[in-house]
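S.K.: Can you read through this structure? Questions will come right after.
The values are calculated or read from the model by the stated rules, or taken from the named source; none is laboratory data. Here the structure is a predicted model, which is why all the values come from computation and not from measurement. Backbone-built Cβ (ideal geometry, glycine too); neighbour counts: all protein chains shown. In case anyone asks, the SASA skips ligands and DNA or RNA and just uses the protein heavy atoms, side chains included. Shrake-Rupley method; radii C 1.70, N 1.55, O 1.52, S 1.80 Å.
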Amino acid sequence: MESLPALINRRRFLSRLTMATTSWAFLGNSAVEAAQPSQFLLGIDVLARGGFRELRGKRIGLLTHPAGVNRAGQSTIHVLKQAPEVRLVALFGPEHGIYGDEKANVPVDDKIDARTGLPVFSLYGKFRRPTPEMLARIDTMVIDLQDIGSRSYTYVSCMRYVIEECFKAGKEVIVLDRPNPLGGLKVDGPPLEEKWMSYVGAFQVPYVHGLTIGELANMALKKPGVLKIPDAVRRRGRLKIISMQGWRRSMMWTQTGLKWIPTSPAIPDLSAVLGYPMTGLGAQLGSFSHGYGTHLPFRLIQFTGTPPETISKALTSRGIRGLSFPVIPFEVKGKLRRATYAQVTNWNALRPTELSLHMMALACEWSSQNPFATASSSRQGLFNKHVGDERVLNFLIEKGSALPVRTLLADWENYCRQFAAQSRAYHLY
């Protein structure tokens, strides 16, 4: 049995390691100063400062989750429930529910909220969209969801579906804007082909899109074809975005002065926010894993039967800019293990999704059979829905470990450059 002093020392070491590996020191001198709390206001704070005038005299529905809070950390549910002259009549929950206590990919039932007595309509259960019966209860839908800046996160899909149904039903939508934790400057990754649009990809944007959730809503309102409804319905739609005050595009989350509240069980902290676009696509098929279930989700890179030193050496040799791959210890169920860690060393140089392409190529090299060629059609389809660029899977099936990474990256960079220029029309900051 491990002695108490040894146990204490080990936990101290792991604590220091976690602090080191999850820090955002890679921002270096280019980072902007942290916003002062008195200067930075979320959409919900701006709404409150204005006396909730946009909501007066209306029956309000609220789509939110645990990360939907004001700058003081109070739930938007509580804020609107207690606000004078605001009539909150119904709650709507995305994946994981309004309190984030529902499992991923598990349908959520409608219920009565024990804290407020309000009906909670699940938009991740029997229905993915609010029905006419649900919307008949309200005049205005307020949306307060925290996104993580990566395309395949379902909260923005939920928002798009809700906007579409509200516009069709003639209901007003108010989006309370929140920061993109990756900032508003980084745009990276593959496009999403229309044929692969789904609930894990409801906007045709780069995988790292550089927009706030309010700016995505603004694009949906202004750009024909984003909303899958008749264009005449879109033009009649009533959408108001309550912008933040004090947010700048150069700001990543650590410069906002806000505490991070887990947006889902898999995204408990900012380390996972960073890792999600780096390793998420690379572990879709094959024997790579990315630390899900550990205290460093999306950052620990493992491959079945392969020593971490081998993984580290292979990834380091590929010259992936902005990353290093140290081998670190981590703890699972009280036992120390070791894995390769995806350490960001230069955010400005980093192309987040590049790492996943190298993971895919190595999966072909280290597997006895090409895992992309032998996958079932349903798993191949899910892969395409996440990646968005069908060429990746086709190249992997045809070329395996010789995946033309440089060609894909060059094409994606051109696409992202064009998107970044075009999306300025929808910027709010």
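S.K.: So for the stretch 313-429, Kirkwood radius off the Cα pairs, Stokes-Einstein at 20 °C and 1.002 mPa s: how many µm² s⁻¹? Intermediate results must be reported in sequence, preceding the final value.
M.R.: Numbers: Rh = 16.6 Å.
After rounding, the answer is 129 µm²/s.
S.K.: Let's see if you can work this out: charge +1 on each Lys and Arg Cβ, -1 on each Asp and Glu Cβ, no other charges. What is the dipole magnitude of the chain about its Cα centre, in debye to the nearest 20?
M.R.: I would put it at about 500 debye.
S.K.: Still on this structure, please answer the following. For helix 390-399, report the angle its Cα long axis makes with the longest principal axis of the Cα atoms of the chain; keep it between 0 and 90° and round to the nearest 10°.
M.R.: 10 degrees
S.K.: Modelled label-to-label distance, Arg379 and Lys313, 7 Å Cα→beta-carbon offset: nm?
M.R.: In this crude spin-label approximation the distance works out to 2.8 nm.
S.K.: What percentage of all Cα-Cα pairs in the stretch 78-120 are separated by more than 16 Å?
M.R.: So the pairs more than 16 Å apart make up 40 percent of the total in the stretch 78-120.
S.K.: Would you kindly give the portion of the calculated P(r) for the stretch 233-273 that falls above 12 Å, as a percent of all Cα pairs?
M.R.: Value for the stretch 233-273 (Cα pairs over 12 Å): 72 percent.
S.K.: What's the magnitude of the charge dipole for the stretch 92-160 around its Cα centre, counting Lys and Arg as +1 and Asp and Glu as -1 at the beta-carbon? Answer in Debye, nearest 20.
M.R.: Dipole size: approximately 220 debye.
S.K.: Can you give the Rg to Rh ratio of the stretch 237-370, both from alpha-carbon atoms, with Rh computed by the Kirkwood formula?
M.R.: Checking Rg against Rh, the ratio lands at 1.04.
S.K.: Sticking with this structure for a sec: How far apart, in nanometres, would the label points at Ala104 and Glu390 be if each is projected 7 angstrom from Cα along the Cα-to-Cβ direction?
M.R.: 2.7 nm
S.K.: Carbon and sulfur atoms: what percent of the 1.4 Å accessible area of the stretch 70-156 do they account for?
M.R.: In the stretch 70-156, the share of accessible area belonging to carbon and sulfur is 49 percent.
S.K.: With each pseudo-label sitting 7 Å past Cα toward Cβ, what's the Met197-Ser287 distance in nm, one decimal?
M.R.: 3.9 nm
S.K.: Which of Ala410, Gly125, Gln369 sits closest to the plus end of the dipole of the chain, meaning its Cα is farthest towards the positive end, when Lys and Arg get +1 and Asp and Glu get -1 on the C-beta?
M.R.: Farthest towards the positive end: Gly125.
S.K.: Could you point to the residue in Leu192, Ile163, Ala266 farthest towards the positive end of the stretch 132-280's charge dipole, with +1 and -1 charges on the Cβ of Lys/Arg and Asp/Glu respectively?
M.R.: With unit charges placed on the Cβ atoms, the residue in question is Ile163.
S.K.: With point charges of +1 on the Cβ of Lys and Arg and -1 on the Cβ of Asp and Glu, referenced to the Cα centre of the chain, which listed residue (Ser378, Val205, Leu42) lies farthest in the positive direction of the dipole?
M.R.: Leu42
S.K.: Roughly what % of DSSP beta bridges within the chain run antiparallel, to the nearest 5?
M.R.: Numbers: 21 of 42 bridges.
About 50 percent, rounded to the nearest 5.
S.K.: How tilted is helix 4-22 with respect to the longest principal axis of the chain? Cα atoms for both, answer in degrees (0 to 90, nearest 10).
M.R.: Once rounded, one gets 70 degrees.
S.K.: Counting only heavy atoms of protein chains, what accessible area per residue, in Å², does the chain have with a probe of 1.4 Å? The partial results should precede the final answer.
M.R.: Working: 18120 Å² over 429 residues.
Each residue of the chain exposes 42 Å² on average to a 1.4 Å probe.
S.K.: Calculate the dipole size of the stretch 57-181 relative to its Cα centre from +1 charges on Lys and Arg beta carbons and -1 charges on Asp and Glu beta carbons; express the result in debye to the nearest 20. It would help to have the intermediate numbers written out before the result.
M.R.: Numbers: 17 positive and 15 negative charges, 19 e Å.
Computed charge dipole of the stretch 57-181: roughly 80 debye.
S.K.: Which percent of the accessible heavy-atom area of the stretch 322-429 goes to carbon and sulfur, probe 1.4 angstrom? Don't skip to the answer; put the middle values down first.
M.R.: Numbers: 2320 of 5000 Å².
Solvent-exposed carbon and sulfur of the stretch 322-429 make up 46 percent of the total.
S.K.: Of the listed peptides 216-225, 272-281, 420-429, what is their order by residue-averaged count of other C-beta atoms within 10 Å, with the highest listed first? Present the calculation step by step, with values, prior to reporting the outcome.
M.R.: Numbers: 216-225: 18.9, 272-281: 25.6, 420-429: 14.5.
In descending order of packing, they fall as 272-281, 216-225, 420-429.
S.K.: Could you list, in their original order, any pairs among Lys111/Lys240; Lys126/Lys335; Lys228/Lys259; Lys240/Lys385; Lys186/Lys240 whose Cα atoms are separated by more than 32 Å?
M.R.: Over 32 Å Cα-Cα: Lys126/Lys335; Lys228/Lys259.
S.K.: Let me check something: with ligands and nucleic acids excluded, how do His290, His78 order by accessible area (1.4 Å probe), largest to smallest?
M.R.: My answer, sorted largest first, is His78, His290.
S.K.: Report, to the nearest 10°, how far helix 213-222 tilts away from the longest principal axis of the Cα atoms in the chain, using its own Cα long axis and a range of 0 to 90°.
M.R.: Taking the Cα atoms of the chain, the angle to 213-222 is about 60 degrees.
S.K.: Ranking request for peptides 300-306, 84-90, 179-185: highest mean number of other beta-carbon atoms within 10 Å first, then the rest in descending order. Kindly include the intermediate steps, with their values, before the conclusion.
M.R.: Working: 300-306: 18.4, 84-90: 15.7, 179-185: 23.3.
Descending packing order for the listed peptides: 179-185, 300-306, 84-90.
S.K.: Taking the convex hull of the Cα atoms, report for the stretch 349-395 its projected area averaged over all directions, in nm².
M.R.: Result: a mean projected hull area of 3.6 nm².
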